[in-house]
Amino acid sequence: MTRIMIIVGSVRPGRIGLPIAHWVRERAAAAGHEVDLVDLAELNLPFMDEPEMPGKRAYTKPHTIAWSARVEQADAVLLVSPEYNHSYSPALKNALDYLQHEWAAKPVGVVSYGGASAGLRAAAALDQVLTTLGLVRVPVDMAISGPGAHLVDGAFAATEKQDATLARMIDQLGRYAEALRPLRS
Ligand SMILES: Cc1cc2nc3c(=O)[nH]c(=O)nc-3n(C[C@H](O)[C@H](O)[C@H](O)COP(=O)(O)O)c2cc1C
């Protein structure tokens, strides 16, 4: 059992990211993992407002202390990321920037989505940041092109192939979380 934190990168009203994240949560839970779904719209972090560098962990704001404790609990991270102007969302960057050590040596998977590129440019842009934070990307690409076409009554209806790819990603997150555990302790 791995504690997987799923973060929804989009905070727009009516975002497709939320039904995609609900699908991911359902599959991760069905695979026997404990899931913490983070809706950045609910978390509502202000723009990074700590006076000290995150690496010092000298947090002064209750929202930072709470975010730190929540991320600390996770063994693995799964980002559900839209593509905005060939990159990822500012809300996601802000949430990542708040912390440093809390992310380190945790495996991360990216479920990207968007238009023709299926969010792969957002995923590629994320790589640089994730690596800097010490997150370790599992080698499975999960990219959804035109996710709106998969919505049925507001829920994301995945294809068999998408289900299979997500299952592989979740399996890899579990394996990497175990392998990296000594580095996190
Ligand atoms: C500000 C903005 C910029 C976008 N830029 C791109 C883009 O560069 N490439 C792309 O494929 N789709 C782009 N899109 C389309 C989004 O990927 C698509 O609308 C997706 O559903 C957004 O995710 P969300 O509904 O969860 O916010 C953009 C959408 C927005 C709102």
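The values are calculated or read from the model by the stated rules, or taken from the named source; none is laboratory data. Remember, predicted model here, so these are calculated numbers, not experimental data. Cβ: placed from backbone, ideal geometry, glycine included. Neighbour counts: every protein chain shown. The area values use the complete protein model at the heavy-atom level, side chains included, leaving out ligands, DNA and RNA. Shrake-Rupley method; radii C 1.70, N 1.55, O 1.52, S 1.80 Å.
Is the stretch 1-104 best put as rounded, prolate or oblate by its Cα gyration tensor, with a ≥ b ≥ c the root eigenvalues, rounded for a/c under 1.5, and otherwise prolate when a/b is larger than b/c, oblate when not? Oblate, because a/c is 1.5 or more while a/b does not exceed b/c.
Computed over protein heavy atoms with a 1.4 angstrom probe, the accessible surface ordering of I16, I6, largest first, is I16, I6. Around the Cα centre of the stretch 3-184, unit charges on the Cβ atoms of Lys, Arg, Asp and Glu (plus for the first two, minus for the last two) sum to a dipole of about 240 debye. Once the 1.4 Å probe is applied to the protein heavy atoms, the chain comes out at 47 Å² accessible per residue.
Rounded to the nearest 500 deg cm²/dmol, what is the calculated helix-only ellipticity per residue at 222 nm for the chain, with -39500 (n - 2.57) per DSSP H run of length n ≥ 4? Show your work: numbers first, answer last.
Details: 6 runs with 76 residues, N = 185.
Helix-only estimate at 222 nm: -13000 deg cm²/dmol.
Applying the Karplus relation 6.51 cos²θ - 1.76 cosθ + 1.60 with θ = phi - 60° to the stretch 104-114 yields 3J(HN,Hα) values of 4, 6, 10, x, 9, x, 10, 9, 9, 8, x Hz, where x marks Gly and Pro.
Within the accessible surface of the chain, defined with a 1.4 Å probe on protein heavy atoms only, the carbon and sulfur portion equals 55 percent. Taking Cα atoms only, the orientation of helix 120-132 departs from the longest principal axis of the chain by about 20 degrees.
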